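Each reported figure results from applying straightforward, stated rules to the coordinates on display, with no laboratory input. If you're wondering where the values come from, they're calculated on a predicted model, not measured in any experiment. Here the Cβ is made from the backbone with ideal geometry for all residues, glycine too, and neighbour counts use every protein chain on show.
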Amino acid sequence: MSTNFNFNETTFLKLYKSTLSAFPNTIFRQHVVDVIEVRDLKFIPYIGLNTLFIKSITENTEKHTKYKTLALIKDINYKDFKKSTKIFDEYGKQHNFEKPKIKANDVLIRCSCDDFMWRFHQYNSKDKSLYGRKKENYKSKGLSEANPSKLPGMCKHLMKLFENLIKKKIIEAT
């Protein structure tokens, strides 16, 4: 019996670049993150698993729509770090850890918006970068393919979440 395992995982930077490759001519997504606000940001550290779970509500301030955004950052160093950053979990307890890097730490992501569900959900599942269970694949009803290049990626809400984490110095951009 032969079993194939996929150990390829994806960093935020790879997903971001994949999104740009999938939709190079869009005037949306990465070009309209300024109208998105990150609200209700919560951190849940899983120290024994070396992961950091992040959940938030992202709101489009022009359209007044709100979406749940989730990210799980892997390979978090909670013990032997030279320079640490700190967060407070949902119970107010402080946790110190070495700042993860957008180009090194693997991530799992999910957003409740339609763009993520129809364009990226299926391909992030294949890429092993989808947080949570895979839902039924989107099937077009005569319209063009939602993601013709079949690449994993992210919506503007997840882009804004990571931009916010970089701004707050929770993750490192370099």
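Annotations for the structure displayed:
- Gaussian network model of the chain, Cα within-10 Å springs - most flexible of 88, 12, 53: 88
- Relative to the dominant Cα principal axis of the chain, helix 156-167 is inclined by about 20°.
- Contact order relative to length of region 79-174, as percent, for alpha carbon pairs under 8 angstrom and 6 or more apart: 33 percent
- The dipole here belongs to region 12-167: it is taken about the Cα centre, uses +1 on the Cβ of Lys and Arg and -1 on the Cβ of Asp and Glu, and is about 320 debye.
- Rounded tilt (10° steps) of 12-22 against the dominant C-alpha axis of the chain: 10 degrees
- For region 12-167, fraction of C-alpha pairs farther apart than 19 Å, in %: 55 percent
- Straight-line cross-link partners of residue 14 among the aspartates and glutamates, defined as a Cα under 14 Å from its Cα and at least 8 positions apart when in the same chain: 106, 127.
- Relative contact order, percent, the chain [alpha-carbon distance under 8 Å, six or more residues apart]: 27 percent
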